[in-house]
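Working notes, beginning with the structure itself.
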């Protein structure tokens, strides 16, 4: 949700942000109108209530014909106050609706444009050259007895799967390594609920343009989360948190659920784009002025994990039109997939500034003791999709796969063999 002070002080900054996202800058003007109407409605209601209080004092001192006249005016004024308060309620809701229709203000320097307009910031590692025919992750996984797509579809439908044997063990080792690293870096481990209330899902910005990707349990009025970012953002909803010692960091381990609406025909082979997967998600609350530095920290921890699985990757600065409504800036790390001869997203970290916390009413006290809105950030530390990159980059000619060194103690083996 956009800060109304920013709206009043610099509406053109918001219009530029909307244009960079490919969204309608007229939404800014609609919000300005809603803000003005709401302030007028509040002013009228306050004036009438003040008049009503003064009238009450006069009635107490009056008598005779004067008192009768004042009482009659009191009835009229009561009706006017009621109408004014109703108008204020409507204006309040119209303002909230207009605020929620506006995406977060992008940070200066974010590339303009859509999905293909990202900027590559860095390449790390060199894609391996193979002297044998490369297998894709599914062929490797099936040869290892690590994934069963056929029975996943039989039990649950398309884009579901079973991780079996070494596949399940590999995921557990990977997520355990990520969580160990998160705890060592000061994160509090959390296993959150994966069903959340509508106000929490909406507060994080997932019921806007991407609502079709969210699973909803209508009978219970609950939503299945696509990332533990959602329950972690709601963890401190309505609270004043202590940030005097720096950022508060949580690492959520959860299953995640995505309908993948609109992705029919894309990545249907294997476990790249599926309806259910597991993930370790970093989540930070910090002061707004610290958010850009915190964003770089999250990116750094993601890079450390990618180094641990020994996969070449690149870092991209995601363009404004591909940020989603809540993010002000987002960096993706994309791992190299030999079978596709291209980079694919493995991690994503977003700085949501005060956008989510304003919706969820998460505040802190500044150095002067005044309450301020916190900033929130999130980032992927490991997920099921990483298995794809591990298998493909570390495959051997006989279909076996070398286990990255830092996963070996957790997995209990150096090589995965058919």
**Study point:** For 147, 120, 214, order by how many other beta-carbon atoms lie within 10 Å, fewest first
**Key:** 120, 214, 147
Exercise for review: Could you tell me whether segment 50-98 comes out rounded, prolate or oblate from its Cα gyration tensor? Rule is a ≥ b ≥ c as square roots of the eigenvalues, rounded for a/c under 1.5, then prolate if a/b exceeds b/c, otherwise oblate.
Suggested key: prolate
Review point. Angle between the Cα long axis of helix 291-308 and the longest principal axis of the chain, 0 to 90 degrees, nearest 10?
Key: 20
Review point. Going 7 Å from the Cα of residue 367 in the Cα-to-Cβ direction, what parts of segment 271-298 have a backbone nitrogen less than 19 Å from that spot?
Key: 286-294
Review point. Given a Förster distance of 51 angstrom, what is the FRET efficiency for residue 292 paired with residue 68, based on the Cβ-Cβ distance and rounded to 0.05?
Key: 0.15
Review point. What shape does segment 144-257 have by the C-alpha gyration tensor, where a ≥ b ≥ c are the square roots of the eigenvalues, rounded means a/c under 1.5, and otherwise prolate means a/b greater than b/c and oblate the rest?
Key: oblate
Review point. Of the residues 251, 233, 69, which exhibits the maximal mean-square fluctuation in a Gaussian network model of the chain defined by a 10 Å Cα contact cut-off?
Key: 69
**Study point:** the chain: angle of helix 26-61 to the longest principal axis, Cα-based, in degrees nearest 10
**Key:** 40
Practice item. Just report the Cα centroid separation between segment 298-329 and segment 61-90, whole Å. Key: 61
Check your understanding: Computed over the Cα atoms of segment 69-158, what is the convex hull's projected area averaged over all directions, in nm²?
Key -> 15.9
Point to revise | Anisotropy class of segment 118-199 from Cα gyration tensor, a/c 1.5 cut | key: oblate
Practice item. Apply 1/(1 + (r/R0)^6) to the Cβ-Cβ distance of residue 307 and residue 96, taking R0 = 45 Å, and write down the FRET efficiency to the nearest 0.05. Key: 0.50
Point to revise | Rounded tilt (10° steps) of 166-184 against the dominant C-alpha axis of the chain | key: 50
Check your understanding: Taking neighbour Cβ counts within 10 Å as the exposure measure, how do 282, 305 sort from fewest upward?
Key -> 305, 282
Revision key, fill the gap. Stretched fully, the stretch from residue 10 through residue 78 gains (0.36 nm per residue minus C-alpha distance, one decimal, in nm) 20.6 nm
Practice item. Quote to one decimal, in nm, the extra length available between residue 123 and residue 85 on full extension: 0.36 nm per residue of separation minus the C-alpha distance between them. Key: 7.8 nm
Practice item. State the antiparallel share, in %, of DSSP beta bridges confined to the chain, rounding to the nearest 5. Key: 90
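Computed from the coordinates by the stated procedures, all read-outs in this text should not be read as laboratory data. What you see is a predicted model, and the numbers here were worked out from it, not measured in a lab. Ideal geometry is used to build each Cβ from the backbone, glycine not excepted, and the neighbour counts take in all protein chains shown.
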